[in-house]
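Got a structure for you, questions after.
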Amino acid sequence: MFVGRSLRISLTAFLAACGCMAGPVLAGGIAVPEDLRPGVVRYALATGDAPDAVRMIGAMNGEEAPLLRARAWLDSGHRQQGLEELRRIADSDTYRAKASMLLGRASLEQADSQQAARWFGLAARYGFGEDKQEALYHLADFQRQAGAPEKAGKILSGMEAGYWAAVGYGNLASDYAQQDTNPARALVALRVALAMTEADQESDRQEDLRNRLLARAGYLAYQNGEYDKAIGFLEKVALDSPVTPLALYFHGLALAERGNHRAAMQSWHRAKKFPLAYAGVADAWIGMGRGYDLAGYLGQAGEAYLAANAAYESERVTLRKLKQQIREKGAYGALVKGAQTSDLEWFLADSRTMQQPRQAYLMDFLDTPSAQIAVARVARLERLDHRLSQEQSNLEVLLSELDHREKGGSADQGELRQLRAEGNALGDQVERLLEKATGAEQKRRLAEMDRILGDADSALTAVSHAGSASGGVGARLKALLSEIAGYRERVSALRATAESRLDELALAYVDDQDQRMVYAYDKTEQQIAHLYEYLALENLQETSQ
Amino acid sequence: MRVLAGLCAFSLLLPGSLLAQESFKVELDRDGKTIADMRPVFLKFESRPLPAISPAEVGRRYQRLFETSDEPEVRVDALNRLSNIRMRSGEDVGYSADQEPEIYREAIASYESILDRGSFSGRLDELLYQMAKAHALTGHTDESTERLRQLVGLYPDSPLVPESRFRIAEAEFSAGKYARAETSYQTLIKGEGGEALKSKARYMLGWSQFKQGAGAWDRAAATFLDVLDGFLPTEASLGSVAQSSVDTIDDTLRILAVMASRKQGVASLEGWLGDGVPRPWVPLVYDRLADLYAVTGEPSASVRVNRRFVQRYPDHRDNPEFLNQVVQVWRQAGKPEAARDAKADYVAAYLPDDAYKGLDRNQQRLWQQYARTLADYHYHSASERLAAKGEAVSGFARAADYYESLARRQSEAGSIWRLAGDARLQAGEDEAAINNFRTAAYQSPDYPEAADSAWAAITLYRKRVPSDSSAPSPAEALSDLSAEIDRFASTFPSDSRTAAAQADLATRWYANGDYDRAIDYAHAVTTPSGAGQKAHYSAWLVMAKVRQARQQYAEAERAWRQTLTLIDDGKVPGTTGNDRKAVVGQLAAAIYQQGQAAASAGEVSLAVAHFQRIETLAPGSEMAIRGRFDAANTLLKASEWQTAINELRRFRRDYPDHDLTSGIGEKLVYAYTESDQPVRAAEELLAMAETREDPWPFRLRAADLFHDAGDLKQRNALYVRYLDTRPRAKDADSHIRLQTMRQRLTESASHPEQWQQAMVQAELSSDWHSEETLRLSARSAMALGIREADTFASIPLTQPLARALDRKQVALEAARTYFVQAQQFGGEAVESEVLYRRAELYRQLAADLMASTVPSDLNEMEAMQYQMLLEEQAYPFEEKAIALHAKNHGRIVEHGFDPWIGRSLEVLGQMNPGRYDRSVRWMSWNSEGNDGA
């Protein structure tokens, strides 16, 4: 399962970054104080609202401004401008590490590992903290990928303890596991990685990575026949991580190997509670049958296999429905939105989240970089469209208000009230986020956001008091509206392409999952056949005696 | 959950120190954070009924799995399992051999897809191997080999390497690159790998060496021997060869045989085998070589190989098979004689019990079959060569040997024992024949012809006794025969031959004088019903004879009567009138003997009845006559005189001329005498005397009888007649008899002097004297003397005195002579009387003299003188008389007193009173003498 796949950044974090929830929309045209501008831009960038950032980069000064500008260019699709800006920064003395980092990432996206290595090298040399570690990680990973694990190890050994070092060691362990028949080296690397995670300050990320590392270590130990060691690793895996079912499955295997079939079945039974989307769950279903078989309850074994097959069959129905939904609503709608529409909120993700099949598939689906990219793309376009439609409706409101004013009407107080209510709701959301925020930085940003909302409210108040516009304004508004409409068309077209791309991926994924079920089904059928074969041979033996 | 989630969310905001505090965790009966904290749930374990699944169903499942699954691993597993279940169940499940290549062609795609996918949960070396297999199955040898080489190169430590090497070597072998194949196989054998594969490799190594030509055959042979060592390391392994190895082993043996046959045959083989301890499979190699020769039309060589094995390993367990193989080879080669010899070898080899016990059941059966075949063969061929006596005998003897050894080893061997017996008989070995017949008869349970076999033994025993059953037999032989027949009788009680045999035995034992046994057998025949009449006849005959001999006449009579009845009923063939006559005679004898016995026992009437009833059985027969006679005799003996007399007289009347009749007279005399009819007896004697030449003995007996009857007249007449014949005494008795007659005549005659004188004369002239005759003669002499004395006394001395005196003197002399004779005869007893009478003679004379008349012419003086003269004359006589009386008196001293002495004393008293006339109280004196003082 881990073979050939590198660890990726925490999914939760990614979801947050994508802004899968409807983010608050900053009303345009609100004057942002000078000192707040970098923050607003950072927020916009952090929330994927690059257009907002772009709008403000022109009026931004300060040391950080070029970097933010570059990021805004990059995020808003002005790639070349962004890169040029970054290169300039990289040549400068300030933020050259950040810039190199971003350049490295960009090169990585372009699969230009040479350039990437260069930029990461710079980032490592001039950077500090998380960035430096990330850069070093990438450098190590390049060595690793180039088939020089020793060099990679050397780089990793020079890194600070933390998430990136842990990931590096984890990947190294994967390589060792692949190359060596004896998992000793891999296990050592994994133990180091585990030690490294302890230093990670981001608890979710740390927890996630730790679970993965433990599961992998457990698997390697199990494969090497070191069952007690395997059990030791696996028992440390949290009960609510995405790798839990897999860990439980291996845990059961190791226990079974120790002859403790009933305990093994406990683990598999637990694993069974997870949606089949997760690795190890389907195997655990088979494991239950196997457990009954080994415990000598062949009848129950057969029933367990049949139950497993029923589960696979029903999962396939689910997958077919999902596929149908993907075809009907698109993958984004069916998967991402579908997951959202369940009454859970991403930040409350817990073990129960994991028990939702669709959520599970989404999480699993998004465990792949291409899916992440594809979803992010659609999400961004959606956000853009949403933004545009909001702008459009704002303009339309403004235009109709202007018309109304022209016709002697007053501002629609009701609508304004509604907008202010929305603003207040957003404010509440931010406050709630504040309660959950961990890092000081996050808190600071949220506080700023809160302040901006306050500004927006002021702006709305201002609008409600504004008088009717001049006739020229109406024409400009109309031009803008048509321009927005043009953009929206483009966005829509792009989104269609992106979604179809995502659909393809999702369908392929669902097909894969279906195939996995088919495989599990086949495996179970195979087990049933083995069981029947045993019974038949027993019968033969009995009749021959 | 929301509560927990809320708590978690809350905890995020708490300082780190608080996070560590366990007390803040709210469990709410849920499990902890990690897998280790997982709370177990209750899993139910219970037995459920299991479906009855057929291998076919399993096969269908695997087939469906293979067809429906896209998962190469599942498919491959399904394929493997399919072939497994087919092998294990022996049922034709799954794909046919024709389908398989197609199936594997399909499978290849699966393998390639796994390889392409690059991620394979299984091992890649396995995948490569499976691919190679699939390629091989679909005929892509090169691709297959290529994959295998890849495997060997990439995964040198893979457990699949040995088999891959094997496949590679196989490919080389197939391509005819034998030397390379040899190297490859050797590499495999020297390297890691399972023994099963190595043994296959060794086998193929052998082949690749073999294929390189005869020059490499020694090498090949060594390899093949290794192969055999591998497959069949122990004796036990011979019995548990896996089905899969059978062909390999078989082929190995075949090629070894081929190589040996193309070289120097068994010599080459043994060269390869060397001299060590024989390995368990060695027999197989020999066997295979022998087979090869047999099949290629070289039976002699084949036989040589078989024999060579037996010779080389004389104690080997498989020797029976080799010896048998010799038989088979000769038979298939159409050489029955050689095959027969081989069978004989086989039989001979396991003739000893120890050897035979070493054979297994089939081999034992075969041995028996061969022994039977040989036995039958020798028997039949001997039967056909009866003319050549020596050959036939030895042939039968051999047949018998086989039959016997065969019979000993068969449970229901009755018929075989009988055959053996028959063969022995034909071979003239009667003793052995008997033993065999007996074994068939008595030690072969359920043998239906046991009785006949037993009879055969009896027949042989019979040969040892004379054919004539009435002739005495050698005791031992007869005992044997009897024992045999006893056994026969007790074993086959209902057999009809028993009775005849027992009857025969009875006769023989009788002839031998063993009556007990004779009787026993006779009883055995007569007791039960159903025996033949002839047997009955013989038995009764024996019984009768024995009883007779034992003087058990009543039983004898009964037996004889049975015999007679059988003859009279005409049920006994071959009996003649003479037989009947003899039987009747014996019957009569038996009755007669009963009569005798009864007579001896004093049962007169019974005896008489027996004697007399003979006549009714056989009137006029000698026995009847004798019976009559003896009846009379019996009566005589019983002193039933009158009845006896009647019988005797009747007999004399009925059989006047019979010899026995001559004795009737005497018997009658006896009977008359005894029944106190002496006269009749005397008459009978007189009658008898008439018929005799010398009638006098009878007449004298008659005279005696007359004497007894008091018929003195008739008696005396007879005495007189007899004495008239002047019989001379020839001995003392006859002298006594004659003197007695004279005495009796003296006593009864009126003038006995004649008889007294005759008696005295006879006594004087006889050489014999008995006390009685002397006494009687003394009395006669005394009587005569007294008569003469009387005469003397009566003669008066008258004048002429001289004359008178002469006369007197003559008389005195006559008397004195008689008295002297009397004393001569009577001796002491009559001496007193004689002395007295003689004295009295003298005293008489003296007195007579004194009293004699004086002649008248004398004067007184003269007369006185005369008187005086007379006295003087008479005195000497008186003196003489006194002397004789005194002498008589003097005898008292020596002889005691008697009357005649008394008389003398009286006379003495008169004559000399002074001296003798004294009153002497003798008695008082005597009484005093009796006082005992």
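The values are calculated or read from the model by the stated rules, or taken from the named source; none is laboratory data. Predicted model only: the values in this text are computed from it and were never measured. Note that we place each Cβ from the backbone using ideal geometry, even for glycine, and neighbour counts take in every protein chain shown.
For the range A:68-95, which residues satisfy the criterion of being surrounded by fewer than 23 Cβ atoms within 10 Å (Cβ to Cβ), within 16 Å of A:VAL41 (Cα to Cα) and among the charged types (D, E, K, R)?
Residue satisfying the conditions is A:ASP75 alone.
Determine, yes or no, whether A:LEU419 is in a helix (DSSP H, G or I) and at pLDDT 80 or above. First the steps, then the outcome.
Working: in a helix (DSSP H, G or I): yes; at pLDDT 80 or above: yes.
Yes: the conditions hold for A:LEU419.
Looking at the range B:45-68 only, could you name the residues that are touching a Phe, Trp or Tyr at 6+ places or on another chain (Cβ under 8 Å) and either basic (Lys, Arg) or buried (at least 19 other Cβ atoms within 10 Å of the Cβ) (or both)?
Within the range B:45-68, B:ARG48, B:ILE53, B:VAL58, B:ARG61, B:GLN63 qualify.
Separate question: Could you list all residues from the range A:252-263 that are in contact (Cβ under 8 Å) with a residue 12 or more places away in the chain and either crowded, with 23+ Cβ neighbours inside 10 Å or within 12 Å of chain B (Cβ to nearest Cβ) (or both)?
Hits for the range A:252-263 are A:GLY252, A:LEU253, A:ALA254, A:LEU255, A:HIS261, A:ARG262.
Filter the range B:480-493 down to the residues that are surrounded by fewer than 16 Cβ atoms within 10 Å (Cβ to Cβ) and of a type in the set (S, T, N, Q), then identify the one that is farthest from B:ARG517 (Cα to Cα).
Here the answer is B:THR491.
Turning to a different aspect of this structure: Being outside any helix (DSSP H, G or I) and either touching a strand residue (DSSP E or B) at 6+ places or on another chain (Cβ under 7 Å) or within 30 Å of B:ARG398 (Cβ to Cβ) (or both) is the requirement here; does B:ASP315 meet it?
Numbers: outside any helix (DSSP H, G or I): yes; either touching a strand residue (DSSP E or B) at 6+ places or on another chain (Cβ under 7 Å) or within 30 Å of B:ARG398 (Cβ to Cβ) (or both): yes.
So B:ASP315 fits the description; yes.
Identify, from the list B:ALA597, B:ALA535, the residue that is in contact with a helix residue (DSSP H, G or I) (Cβ under 7 Å, 6 or more places away or on another chain), assigned to a helix (DSSP H, G or I) and crowded, with 23+ Cβ neighbours inside 10 Å.
Exactly one residue qualifies, and that residue is B:ALA535.
Just checking, how many residues over the range A:264-297 are touching an Asp or Glu at 6+ places or on another chain (Cβ under 9 Å) and surrounded by fewer than 23 Cβ atoms within 10 Å (Cβ to Cβ)?
Total satisfying the criteria: 3.
For A:ALA475, indicate whether it is more than 14 Å from every other protein chain (Cβ to nearest Cβ) and either touching a strand residue (DSSP E or B) at 6+ places or on another chain (Cβ under 6 Å) or modelled with pLDDT under 80 (or both).
yes
Another one. Hey, among B:ALA618, B:ALA638, which residue is more than 39 Å from the chain's Cα centre (by Cα) and under 29 Å from B:ARG680 (Cα atoms)?
Residue meeting the stated conditions: B:ALA638.
Considering each of B:ALA874, B:ALA851 in turn, give the residue that is surrounded by fewer than 18 Cβ atoms within 10 Å (Cβ to Cβ), without any contact (Cβ under 8 Å) to a residue 60 or more places away in the chain and either assigned by TED's automatic domain parsing to the domain that holds B:ALA802 or over 26 Å from B:LEU784 (Cβ atoms) (or both).
B:ALA851
Yes/no matrix, rows are residues, columns are (1) hydroxyl-bearing (Ser, Thr, Tyr); (2) at pLDDT 80 or above; (3) touching a helix residue (DSSP H, G or I) at 6+ places or on another chain (Cβ under 6 Å):
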| residue | (1), (2), (3) |
| --- | --- |
| B:PHE629 | no, yes, yes |
| B:ILE645 | no, yes, yes |
| B:SER662 | yes, no, no |
| B:PRO695 | no, no, yes |
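Can you find even one residue in the range A:302-309 that is at the interface with chain B (Cβ under 9 Å from one of its Cβ atoms) and more than 33 Å from the chain's Cα centre (by Cα)?
yes
Does any residue of the range B:16-26 turn out to be at pLDDT below 70 and either over 29 Å from A:ALA247 (Cβ atoms) or among the hydroxyl-bearing types (Ser, Thr, Tyr) (or both)? Give the steps one after another, and end with the answer.
Looking only at the range B:16-26, we keep the residues that are at pLDDT below 70, and these are B:16-26.
Restricting the remaining residues to those that are either over 29 Å from A:ALA247 (Cβ atoms) or among the hydroxyl-bearing types (Ser, Thr, Tyr) (or both) gives B:17, B:23.
Yes, the range B:16-26 has at least one match.
Moving on to the next point. Can you report the number of residues in the range A:252-263 which are in a helix (DSSP H, G or I) and more than 24 Å from A:GLU315 (Cα to Cα)?
Just the residues of the range A:252-263 that are in a helix (DSSP H, G or I), to begin with: A:252-257, A:261-263.
Retained after the next criterion (residues that are more than 24 Å from A:GLU315 (Cα to Cα)): A:254-257, A:261-263.
Qualifying residue count, the range A:252-263: 7.
How many residues does the range A:281-316 hold that are of a type outside the set (Phe, Trp, Tyr), touching a residue at least 60 places away in the same chain (Cβ under 8 Å) and under 27 Å from A:THR368 (Cβ atoms)?
7
Which condition number does A:GLU538 fail, the rest of (1) within 11 Å of chain B (Cβ to nearest Cβ); (2) buried (at least 18 other Cβ atoms within 10 Å of the Cβ) being met?
Here A:GLU538 clears every test but (2).
Scan B:GLY215, B:GLY276 and give me the residue that is loosely packed, with under 15 Cβ neighbours inside 10 Å and more than 30 Å from B:GLY194 (Cβ to Cβ).
On the way: B:GLY276 fails: more than 30 Å from B:GLY194 (Cβ to Cβ).
Exactly one residue qualifies, and that residue is B:GLY215.
Let me ask you something else. Can you pull out the helices (runs of 4 or more DSSP H) entirely within the range B:198-285 that have at least 2 residues that are among the acidic types (Asp, Glu)?
Passing ranges, in order: B:217-231, B:243-262.
Residue check: is A:ASP240 more than 20 Å from A:ALA166 (Cα to Cα) and not in a helix (DSSP H, G or I)?
yes
Can you find even one residue in the range B:410-420 that is in contact with an Asp or Glu (Cβ under 7 Å, 6 or more places away or on another chain), under 30 Å from B:ALA349 (Cβ atoms) and part of a loop (DSSP other than H, G, I, E, B)?
Scanning the range B:410-420 turns up at least one residue that is in contact with an Asp or Glu (Cβ under 7 Å, 6 or more places away or on another chain), under 30 Å from B:ALA349 (Cβ atoms) and part of a loop (DSSP other than H, G, I, E, B).
Could you figure out which of (1) of a type in the set (Ser, Thr, Tyr); (2) out of contact with any Asp or Glu (no Cβ under 7 Å at 6 or more places or on another chain); (3) modelled with pLDDT of 80 or more isn't true of B:TYR875?
Of everything listed in (1) of a type in the set (Ser, Thr, Tyr); (2) out of contact with any Asp or Glu (no Cβ under 7 Å at 6 or more places or on another chain); (3) modelled with pLDDT of 80 or more, B:TYR875 misses just condition (3).
Go through (1) surrounded by fewer than 19 Cβ atoms within 10 Å (Cβ to Cβ); (2) within 12 Å of chain B (Cβ to nearest Cβ) for A:LEU531 and report which single condition fails.
(1)
Only one of (1) in a helix (DSSP H, G or I); (2) at pLDDT below 85; (3) among the polar types (S, T, N, Q) fails for B:SER479. Which number is that?
Answer for B:SER479: the failing condition is (2).
What tally of residues in the range A:505-528 results from selecting those that are farther than 19 Å from B:PRO55 by Cα, without any contact (Cβ under 8 Å) to a residue 12 or more places away in the chain and buried (at least 22 other Cβ atoms within 10 Å of the Cβ)?
Of the residues in the range A:505-528, 1 are farther than 19 Å from B:PRO55 by Cα, without any contact (Cβ under 8 Å) to a residue 12 or more places away in the chain and buried (at least 22 other Cβ atoms within 10 Å of the Cβ).
A further question follows. For the range A:508-528: of the residues being of a type in the set (A, V, I, L, M, F, W, C) and over 18 Å from A:SER314 (Cα atoms), which is farthest from the other protein chains (Cβ to nearest Cβ)?
Checking each candidate, the answer is A:ALA508.
Additional query: Considering only residues of the range B:375-413 that are small (Gly, Ala, Ser) and under 15 Å from B:LYS343 (Cβ atoms), which is surrounded by the most Cβ atoms within 10 Å (Cβ to Cβ)? Talk me through it step by step, then tell me what you get.
Residues of the range B:375-413 small (Gly, Ala, Ser): B:375, B:381-383, B:387-388, B:390, B:392, B:394-395, B:397, B:399-400, B:405, B:407, B:411, B:413.
Of the ones still in play, those that are also under 15 Å from B:LYS343 (Cβ atoms) are B:375, B:381, B:399, B:405.
Numbers: B:ALA375: 25, B:SER381: 15, B:ALA399: 27, B:SER405: 23.
So the residue we want is B:ALA399.
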